[in-house]
Structure formats: structure tokens, C-alpha cells
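A short worksheet on the structure shown next.
The values are calculated or read from the model by the stated rules, or taken from the named source; none is laboratory data. The model shown is predicted, which means the values in this text are computed figures rather than measured ones. Each accessible area value is taken on the protein alone, full model and side chains, heavy atoms only, with ligands, DNA and RNA left out. Shrake-Rupley method; radii C 1.70, N 1.55, O 1.52, S 1.80 Å.
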Amino acid sequence: MTQQGAVLQGYNNELVKCIEDLCMQKEELNKQIQQAEEEKTKLQHEIQGLSEQLECVCENLAQKVASRNELDKILAETEAAYMKILDSSRTLLNVLKKEVGSLKHSPDLKTN
């Protein structure tokens, strides 16, 4: 019976050691889970912050693109108006040259 008691005691010791090992594994896994949850929370906050930054950048970009488009429109209108001024100036210059030319050939303006 002593031998059976010793075997039983050996089984009991192994069983206790296995249970202790499982408890240590559980504690280690709990630490890893807690670290992973903290990392998850940290990343979610970073994502939220980056999302807010992205939204601000997108709004700013949209405003700048709208301003650029308005400037493009103003430039196009100004250039078109300037081309009309140049065309009118050229026409006026040609008319003036003709008038001056016909005045030179006029008998009233010839000097003796």
C-alpha cells in the first residue's frame, strides 16, 4: 500500500505541477491580451486622430482647388478682355495711319 500511496503522491505532484503550469500560461496569456488591447486602443486613437487630420487636409485642399479654379476663371476673362483691347488698339492704329496718310496727300495740307 505504501507503494501505491507513493505512486498516487507522484501523480498528485505531477497533476499539481501541470495545473501550476497551466495557471502560469494563463497569466502570461492574460498579460499578452492586455498588451494587445492597449495597443489596439492606442492604434484606434491614432486612427481617429489621423482621420480628423485627413478631413482637415481634404477640406483645406478643396478650398484651395476652388480658389485656384476661380483664379483660372478670372485670368481667362482678363486675358480675353486684354486681347480685345489689343485688337481694338491695332484697329485704332490702322485707322489713324490711314487718316494721317490721307491727310498727307490732301492738297490743303501741302506747303509751298
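Here Gly49 does not fit the description of being assigned to a helix (DSSP H, G or I) and over 30 Å from the mean Cα position of the chain (by Cα).
Just give me the residues in segment 29-76 being among the hydroxyl-bearing types (Ser, Thr, Tyr) and open to solvent by 90 Å² or more (accessible area, probe 1.4 Å), in sequence order. Before the answer, list the steps.
Keep residues of segment 29-76 that are among the hydroxyl-bearing types (Ser, Thr, Tyr), which gives 41, 51, 67.
Once the filter is applied, which keeps residues that are among the hydroxyl-bearing types (Ser, Thr, Tyr) and open to solvent by 90 Å² or more (accessible area, probe 1.4 Å), segment 29-76 yields nothing.
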